[in-house]
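Below is one structure, written out as structure tokens, with a few remarks after it.
The values are calculated or read from the model by the stated rules, or taken from the named source; none is laboratory data. Because the structure is a prediction, the values reported are computed rather than measured. As a convention, Cβ positions derive from the backbone with ideal geometry for all residues, glycine included, and neighbour counts pool all protein chains shown.
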Amino acid sequence: MITIIDYEAGNLRSVQRACHRVGVESVVTADPAAVEKAERIIFPGVGAATSAVDTLRERKLDEALKYAFNQGIPILGICLGAQIILEFTEEDDRQCLGLVKGVCKRFEPEDRSLKVPHMGWNGVNVVQPHPLLESVENGDEFYFVHSYYPCPTDTSNIYGVTEYGLEFCSVVGKRNLFATQFHIEKSGQFGLSILERFCNWDGTI
């Protein structure tokens, strides 16, 4: 059973449908006690980091996530869930969860032809092996929608990179936490392959 965290940040049903497609049961919850007892957690998200962090704190889901992380429960972050796991975001200069050291930065491409948000299909290059990336080959394309991108302080937390005016981190990992800037639930078979591997991952690298 996968626990999908509800913090009013959208795309919950599409994530749940993706779980169904790989044959795994899931439940959507805003209950911090349920998060702390979860077998596996998906931390999805779209939209503004400011309201997302506020809602997490109001519902005490921030502490539940930190507890789950420290207990070694496998966690999969998606899009916004790959940004607010860092310490800080440039979006409204907001402190975030701090599960991974680093900052979430705004796209400021010098090439004026590149629009922000970065939206659509783009390739991912794997920079170090991870159990959830075993089926991903360099250049495989995933679906992105974002104006900010994660910048972990320690490069050992970077597992995949993507080019959009600059090379940015598109896959973050630390122990039992794995997070993608792209939407795995909207990325066809490549995305589903990552989700399927997550469903069988014990949280070790």
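Which residues, counting only those in region 30-82, are basic (K, R) and within 21 Å of T180 (Cα to Cα)? Correct list: R40, K66. Filtering S187, S135, S170, S193 for residues that are surrounded by fewer than 15 Cβ atoms within 10 Å (Cβ to Cβ) and hydroxyl-bearing (S, T, Y) leaves a single hit, S135. Quick check: anything in region 149-159 over 17 Å from V24 (Cβ atoms), in a strand (DSSP E or B), out of contact with any Pro (no Cβ under 7 Å at 6 or more places or on another chain) and of a type in the set (G, A, S)? Scanning region 149-159 turns up no residue that is over 17 Å from V24 (Cβ atoms), in a strand (DSSP E or B), out of contact with any Pro (no Cβ under 7 Å at 6 or more places or on another chain) and of a type in the set (G, A, S).
Taking the criterion of being in contact with a His (Cβ under 8 Å, 6 or more places away or on another chain) and surrounded by 24 or more Cβ atoms within 10 Å (Cβ to Cβ), the only residue of region 150-167 that qualifies is Y159. Within region 7-28, restricting attention to residues that are in contact with a Ser or Thr (Cβ under 7 Å, 6 or more places away or on another chain) and surrounded by fewer than 17 Cβ atoms within 10 Å (Cβ to Cβ), the residue that is modelled with the highest pLDDT is V27. For region 96-116, a tally of residues being of a type outside the set (A, V, I, L, M) and either over 29 Å from A68 (Cβ atoms) or modelled with pLDDT under 95 (or both) returns 8. Scanning region 105-132 for residues that are in contact with a helix residue (DSSP H, G or I) (Cβ under 9 Å, 6 or more places away or on another chain) and under 24 Å from E91 (Cβ atoms), we see that the one that is surrounded by the fewest Cβ atoms within 10 Å (Cβ to Cβ) is R106. Please count how many residues of region 42-79 are modelled with pLDDT under 95 and of a type in the set (G, A, S). Count: 6.
Tallying residues that are of a type outside the set (F, W, Y) and over 15 Å from the mean Cα position of the chain (by Cα) within region 183-196 yields 4.
Candidates in region 113-134 are the residues that are within 18 Å of the chain's Cα centre (by Cα) and assigned to a loop (DSSP other than H, G, I, E, B); of these, the one that is farthest from K174 (Cα to Cα) is P117. Residues in region 84-112 that are part of a strand (DSSP E or B) and over 16 Å from A9 (Cβ atoms): F88, Q95, G102, V103, K105, R106.
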